[in-house]
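The block underneath contains the structure these notes are about, expressed in C-alpha cells.
Each reported figure results from applying straightforward, stated rules to the coordinates on display, with no laboratory input. Because the structure is predicted, anything quoted here is derived from the model rather than measured. Neighbour counts run over all protein chains shown; Cβ positions are idealised from the backbone, glycine included.
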Amino acid sequence: KKYVYFFANGKAEGRADMKDILGGKGANLAEMTNLGIPVPPGFTISAEVCKYYYDHGRTYPEELKEQVEEAMRRLEEVTGKKFGDPNNPLLVSVRSGAAISMPGMMDTVLNLGLNDETVKGLAKLTNNERFAYDAYRRFLQMFGDVVLKIPHEKFEKALEELKKEKGVKLDTELDAEDLKKLVERYKQIYKEEGKEFPQDPWKQLWLAIDAVFGSWMNERAIKYRQIHGIKEGDLLGTAVNIVAMVFGNMGEDSGTGVAFTRDPNTGEKKPYGEFLPNAQGEDVVAGIRTPLKLEELKNRMPEVYNQLLEIMDKLEKHYRDMQDIEFTVERGKLYILQTRNGKRTSQAAIRIAVDMVHEGLITKEEAILRVRPEDVEQVLHPVFDPKEKAQAKVIAKGLPASPGAATGKVVFNAKKAEELGKAGEQVILVRPETSPEDVGGMAAAQGILTSRGGMTSHAAVVARGMGKPAVVGAESIEVHPEEGYFKVGDVVVKEGEWISIDGTTGEVLLGKVTTIKPQGLEGPVAELLQWADEIRRLGVRTNADIPRDAEVARKFGAEGIGLCRTEHMFFEKDRIPKVRRMILAKTKEEREKALDELLPLQKEDFKGLFRVMKGLPVTIRLIDPPLHEFLPQEDEQIKEVAEQMGVSFEELKNVVENLKELNPMLGHRGCRLTITYPEIAVMQTKAIIGAAIELKKEEGIDVIPEIMIPLVGHVNELRYLKKIIKETADALIKEAGVELTYKIGTMIEVPRAAVTAHQIAEEAEFFSFGTNDLTQMTFGFSRDDVGKFLPEYLEKGILEHDPFKTLDYDGVGELVRMGKEKGRSTRPDLKVGVCGEHGGDPRSILFFDKIGLDYVSCSPYRVPVARLAAAQAAL
Ligand code: ADP
Ligand code: MG
Ligand code: MG
C-alpha cells in the first residue's frame, strides 16, 4: 500500500483534494508544486499511517520504512545533497498537518539532519559559520523540546543568559563563537535531563516522525478537537510532511513571513502580513523581535515582493478564497511553505464573499454558503475594543443570551435605570431575574445581567427583541438589590461601579471597556442579504410589539409581523392601572368599563404597527400570560397599589392570593383566560379591527390583520372564541361600511393541538407554531427552571443541543411536521409559520424550510440572520 507521496520540481503525487490522507498542509504543498509555485521538495506520509499507528500499539505498517527511505533517496537526488553527509548535508523539516487545520496544536521540527559533523560541513559549504551554528542550536532546542520533551524554558533561559553575558538584546547580535558556546550549553541541558541527543540523522528522523504522530494525541490537540466539535473518527489523524529545508536565517537578504491575500480583519482587498529578516519560521510567532509590515519587503527586496504578490494572486484565484501563506526567503530566493484558507473576522468574511462575487471569482450561491449566519449577526452588534478587552478581568460567565458588548454603571433597580438612562448615563441593569415591570429599565440600560434564568427567560427574550446585549443565568453571581451590591467569589461590585458584559460570549468583565459601533445593514452585508432574498423560499417575519421594534425589523428586511404580544402593551405606565382595575372587577359590567378605557389606547398601538408595516401581514396574539403577572406580589407593593386604586389592602391581597397558581405555565392563561372573560377578546378584536378600518379610511393603508389565539389544545376552544371574535369584527366592518379581510388563526404550542391539527384547521385560518411552549410541553421541561439540569444534560451528551435554542428535530420537530401536514389535509392553503425563538436559529430554520413551512418569525435583530439561513437552507 502506498503511504508516501512525493513532491518536487513542479510535479507532485498528491493533490488539493486529497486532504483526508495528506492533511491540509500536505495536500496544498502538492497542489502548489503542481501549479509551478516554488515549494521546496519533500514528501508526505499519509494520515492513514497515523490511524495504523494508534490501532497497532504505536507501531508502523511494514512497508513504511522502505517507502520513507526511497523518498529520502529521491529527495537527495533532486536537491543534490545527502542526508548525513558532512560535506554536503541535506536538512529537512518534519511537520504535522491534519485534514482540518489545528494551528499550533501539533509539532514541527526544523533543521533535522544536523550533528557535530554536518554542522561543520554546512558552515564550510555556505561559507557562513554563524548561520550553521544558528541552525544547529535551533535544531537542538526544537528536537529537545518536541521529541525528547525537555522543557523549552531551559533552552530559552540559557539563550537569555548568554545574551546578558554578551550585553546584547537580539539573538541576531550573537556571533558564531557565541552560538557555538550555546550549542555546548544546550548539549549540557540534554545531559542534565538524562536525555541523549542522537547524532545519527536517521535516528533523528524516525524519532521526529514518532513525535509528530504522538502529538496527535497530546492534551492540547485533544482539547482543541473537543472545543471545535471534531469527533474521534471524523479524521484519520495527522499526516507528516518532510520538506527540504530552506533558510531564512542566512543574513539580511533572507527572512521568513506570513501573508494574507486580503486583510483578515476588514476584508479589504490588499496584501496583509508580516516579515522578519534573518529569521526562521518560529521567530515570527515567538515575538522576540518585532516583525516588519509586509510592505517593508517591497523596499528591501522589490523583486521578491513582486513575485510574492503574483503568487498570492495566483493562489487566491486557484483556491477561490482568501489565502493565509507562510513563506521564506533564502538569499533573495522566495519559497512558499504553506497555504490555506485564512481565518477572518465576521466583517471580513462578508466583505470578502461579496467582493469575490463582483470579481467573478465565486457565484452568489457560494458567497451565501460561505458566510455563517452568526457573521451577519455579529456585524450588527457592538463589540469591545479588543485591546481593552484583553486587559479587563473576567469575573463571571453566564449564558450568551443576547449578543453584543455593553458597558455601564451597575444599577439594581429598573426605575433607577430609567432615570439614569434619561439623564444620559450608561448603565447595566443587574437583577436576579427580570419581570415585565422591568422592561422600561431594560430599554434604558446598555445591557442586562441576571444571575438566574435560561436562554428563553424573560430577560433573554426581551433583550433579544430590543437588540440589547444580555448575559443571563450567571449563577456564580449573588445579586443583592436591596443592599445595593453583587458578589462573585470575593469580588464585590457596588451600585454605580462600572462593569462590562459581552452577550456574544456570556462574559462579565470588571470595569469600563470601550465598545465599537456596528456597521449596520449597509454595504456588503446588505448586498449579500439581497442575494439571499432572491434565493430563499421561506418568508421571514419579525416578532414585534411596538412600532419602534417593527421599524427596526423593516430596515432589517422583515416581511411582516409574525407575532405581536399584546400583553406587553398592558405593562405601560398609563395602562397598567386600567388593566388592574379590569382584573379587580367584580362584575362583567365593571370589567367592560375598564376595558372600554383600554380600547382606544390599544387601538392606537395597532395603528402604529399597521402604519409601519404598510400592508404587510401582521399577526396579533390575544392576551396570553396569567393575570397575576399584572399584579404586585410583595405586601409592600400591594399596599402601594391598593392605595393608588382606592381599594383596601385586604381586597387586593385577596385577589393576588386567589390568582396564585402552583404551575402558572400550565394554568389560567392563553385562550383559557378569554374563555373565562370573553369581553377581553371582544375589546382586543375591536381594537385590532377598528385600527385597520381607521387606517384604511384615513390613510388609505390596506391591512390584513391576523388575529391569533394562543394555547389552544382542543378545537372547541377555538370554535368558541372564533365565533365571538367573528361576530365582533363583522359587526364593526359592516358598521364602517368598508371592505376588510382579516383572518382568525391559532398558535400550535400544546402537543394536543399538533396531534389534532386536522380538527383545529377546520376553524383556524392559519397556524403559527409557538415552539417555545411546544418544546416546554413536549419535553415537560419548565423553561424557567431548565438551568438547573440542562447544562448537565449537554455535558453528559444526553442532549446534543439546548432544545429551547435549537429545535429538537426528532420530537418537537416531528410534532411541527405532523401538525402542518394534518392542518393542510383539512385546509390545503393553510398558512403555517413559526414564531418561537427557533425562528431565528439557523439550524432550526434549515428544518422549517425542509418540511415546507411558509415563514419564520424572529426578533428584529435576528431577521438578517434568518434571511441568510433561509437562503442557505434553500441551497
Ligand atoms: P504550523 O503548522 O505550526 O504552522 P509548520 O509545519 O507550518 O507548523 O512550520 C512552522 C514554520 O516553520 C513554517 O511557517 C516555516 O516558517 C518553517 N518551516 C517549516 N518547514 C520549513 C522548511 N522546509 N524550510 C524552512 N522553513 C520551514
Ligand atoms: Mg504553518
Ligand atoms: Mg406560548
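Against the empirical 2.2 N^0.38 Å scaling, what ratio does the C-alpha Rg of the range 246-344 come to?
Details: Rg = 12.5 Å, N = 99, 2.2 N^0.38 = 12.6 Å.
So the Cα radius of gyration is 0.99 times the expected 2.2 N^0.38 Å.
Restricting the calculation to alpha carbons of the chain gives Rg and Dmax of 33.8, 109 angstrom. Axis angle, to the nearest 10 degrees, between helix 19-34 and the longest C-alpha principal axis of the chain: 60 degrees. Among the GluC sites (Glu not before Pro) found in the range 585-644, those both in a DSSP coil and sparsely packed, with 16 or fewer other Cβ atoms within 10 Å of their Cβ, are Glu634. In plain terms, the residue of Met250, Met106 with the fewest other Cβ atoms within 10 Å comes first and the most crowded comes last, giving Met250, Met106. What is the range 502-638 by shape, rounded, prolate or oblate, if you read a ≥ b ≥ c off the alpha carbon gyration tensor as root eigenvalues and call it rounded for a/c under 1.5, prolate for a/b larger than b/c, and oblate otherwise? Oblate. Rounded to the nearest 10 degrees, the angle from helix 346-358 to the longest Cα principal axis of the chain is 80 degrees.
When you work out D = kT/(6 pi eta Rh) for the range 171-219 at 10 °C and 1.306 mPa s, using the Kirkwood radius from C-alpha pairs as Rh and the Stokes-Einstein form, the result is 121 µm²/s. When the charge dipole of the chain is built from unit charges on Cβ atoms (+1 for Lys and Arg, -1 for Asp and Glu) and taken about the Cα centre, the candidate among Phe804, Ala239, Pro373 whose Cα reaches farthest toward its positive end is Ala239.
Our summary of shape: the Cα atoms of the range 754-819 have principal axis extents of 43, 21, 15 Å, ordered from largest down, in whole angstrom. Extending 7 Å from the Cα toward the beta-carbon at both Ala731 and Asp829 defines two label points whose distance is 2.9 nm.
Ordering Ile516, Gly121, Leu584 by the projection of their Cα atoms onto the charge dipole of the chain, which places +1 on the Cβ of Lys and Arg and -1 on the Cβ of Asp and Glu, puts Gly121 at the extreme positive end.
Measuring between alpha carbons in the structure, the pairs from Lys223/Lys397; Lys607/Lys820; Lys389/Lys494; Lys697/Lys743 lying more than 25 angstrom apart are Lys607/Lys820. Restricting the calculation to Cα atoms, the range 714-809 yields a radius of gyration followed by a Dmax of 18.9, 63 Å. Loop-located trypsin sites (Lys or Arg not before Pro) in the range 343-396 (DSSP state other than H, G, I, E, B) with a sparse environment of at most 13 neighbouring Cβ atoms within 10 Å: Lys343, Lys393. Run through all the Cα pairs of the range 372-415 and give the fraction in each 10 Å bin from 0, expressed as whole percent. It works out to 19, 47, 30, 5, in whole percents. When Ile352, Ile362, Ile623 are sorted by how many other C-beta atoms sit within 10 angstrom of their C-beta, beginning with the fewest, the order is Ile362, Ile623, Ile352.
When Ser346, Ser476 are sorted by how many other C-beta atoms sit within 10 angstrom of their C-beta, beginning with the fewest, the order is Ser476, Ser346.
With a cut-off of 13 Å between beta carbons, the residues surrounding Glu483 carry a summed charge of -1, where Lys and Arg count +1 and Asp and Glu -1.
The H on the amide N of Ile744, modeled in the peptide plane, is under 5 Å from the matching H of Ile707, Glu765, each at least 5 residues off or on a different chain.
Restriction of the trypsin sites (Lys or Arg not before Pro) in the range 697-803 to DSSP coil positions whose beta-carbon has at most 14 other beta-carbons within 10 angstrom yields Lys796. Magnitude of the charge dipole for the chain, about its Cα centre and with charges confined to Cβ atoms of Lys, Arg (+1) and Asp, Glu (-1), is about 960 debye. Candidate cross-link partners of Lys2 among the lysines, defined by an alpha-carbon separation under 16 Å and a same-chain spacing of 8 or more, comprise Lys19, Lys51, Lys65.
On C-alpha positions alone, give me the angle between the axis of helix 524-535 and the longest principal axis of the chain, in degrees, nearest 10. Relative to the chain, helix 524-535 is tipped by roughly 70 degrees. Computed from phi, the 3J(HN,Hα) profile of the range 127-139 under the Karplus parametrisation 6.51, -1.76, 1.60 (θ = phi - 60°) reads 6, 8, 5, 4, 4, 4, 6, 5, 5, 5, 5, 4, 4 Hz, with x in place of Gly and Pro.
Note on the range 651-725: semi-axes of the ellipsoid equivalent to its C-alpha gyration tensor, largest first and rounded to whole Å, are 31, 16, 10.
Checking a compactness column here: for the range 1-112, what do you get for Rg(Cα) / (2.2 N^0.38 Å), N being the number of residues? Walk me through the numbers before you get to the answer.
Details: Rg = 14.1 Å, N = 112, 2.2 N^0.38 = 13.2 Å.
Normalised by 2.2 N^0.38 Å, the Cα Rg of the range 1-112 equals 1.07.
Within the same chain, lysines fewer than 8 places from Lys157 are excluded, and of the rest, those with a Cα less than 21 Å from its Cα are Lys149, Lys166, Lys169, Lys180, Lys181, Lys187, Lys191, Lys195.
Each 5 Å bin from zero up to the one holding the largest Cα-Cα distance in the range 400-512 carries the following percent of pairs: 3, 15, 27, 30, 19, 6, 1. Placing R0 at 35 angstrom, the Cβ-Cβ distance between Lys788 and Glu643 gives a FRET efficiency of 0.35 after rounding to 0.05.
Residues whose amide H comes within less than 5 Å of that of Gly539, counting only those at least five positions distant or on another chain, are Tyr855, Val856 (H built at 1.01 Å from N in the peptide plane).
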